[in-house]
1. Order of 323, 168, 179 from fewest to most other C-beta atoms within 10 Å?
2. Extension gain residue 332-residue 319, at 0.36 nm per residue separation less the Cα-Cα distance, in nm?
3. Percent relative contact order of the stretch 142-380, based on C-alpha pairs within less than 8 angstrom and at least six residues apart?
4. Averaged over all directions, how much area does the convex hull of the C-alpha atoms of the stretch 142-380 cover when projected, in nm²?
5. Can you tell me the alpha carbon radius of gyration of the stretch 248-356 divided by the globular rule-of-thumb value 2.2 N^0.38 Å?
6. Estimate the FRET efficiency between residue 216 and residue 373 by the formula 1/(1 + (r/R0)^6), using the beta-carbon distance for r and 30 Å for R0, to the nearest 0.05.
């Protein structure tokens, strides 16, 4: 509004100086008077008449009284010109910003559409692999109740794997020092094949940003100076993975009934307990005490997705979690499964007693891992 008012005032100045400018610009009456003055002042053969002198004084008076008006007109013209340039530049700037915004918005929508299409393709691929696998396992199932074969097998495997995990945690409880028995609950915290590692990375980053997770002590300072590309959050995740691996190794070493390793059990227990103690010590230093470490772990375990994940492992309900059962189908058992272990598998999974059925289940592991990783990517977006 101020600029508009100034423009109106400037227009008035311009209008007020129009007549005057006619007498002061080339071809106007003012210049003609000046020529007449030149002839009168410097003519050698004639003298100016009274009328000419009168016009001369009148012309001088006009020049003196319109000088500041002339300056004002020039100033306003300059101001108007500069304002016009600024106004044009501003309009071009806004137009450019609008174009940029429209382009960015369009690009974002295209990327979102692309992601949706990508997600749809990924989910379709998962469903197709489930359908194909169901066709493979259908012949091996006993007491089939006409439901989806994969769903039936996953439910049976969930019971088998839950019992196996509970047995391993009990072994850990019995072979860990009293002050470290609480660590037995960390076994399986990232799921089979540590498939939840990307989720843990995202959660740790988010909790650090919200100040819900903080690192303390010399250990955090040392880790932050080791590499500019890594920090205590990477060390925290690394130690969680390492302690889970050492816990699993301790459980396996004490669970096996093979006579060839019976004599090494005490040594293996000591070895893995030392590694577990080192992991715990680093975690405690990173988080500023054992109590804070436990609080940080409880915070992660209490998150909705982690609870859903663990519940799906125990009691599958969503088809997108079915693949979890096949990541480590028989946990620590490899292809050299003993006869007694095979019999237990046949019995608990209620499948025909054929080795190729067990192999069919085990061969699904890489496909299942890819399926769940793709599903997890969709969740984390």
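1. On the way: 323 28, 168 22, 179 10.
Exposure proxy ranking, most exposed first: 179, 168, 323.
2. Numbers: separation 13, 0.36 × 13 = 4.68 nm, distance 2.44 nm.
Here the segment from residue 332 to residue 319 would lengthen by 2.2 nm.
3. Numbers: 198 pairs, mean separation 69.5, N = 239.
Value for the stretch 142-380: 29 percent.
4. Values: hull surface 57.6 nm².
Over every viewing direction, the Cα hull of the stretch 142-380 projects on average to 14.4 nm².
5. Values: Rg = 18.8 Å, N = 109, 2.2 N^0.38 = 13.1 Å.
It is 1.44.
6. Working: r = 33 Å, r/R0 = 1.11.
The value I calculate is 0.35.
Computed from the coordinates by the stated procedures, all read-outs in this text should not be read as laboratory data. Every value quoted in this text rests on a predicted model; they were computed, and no experiment measured them. Virtual Cβ from ideal backbone geometry, glycine too; neighbours counted across all protein chains shown.
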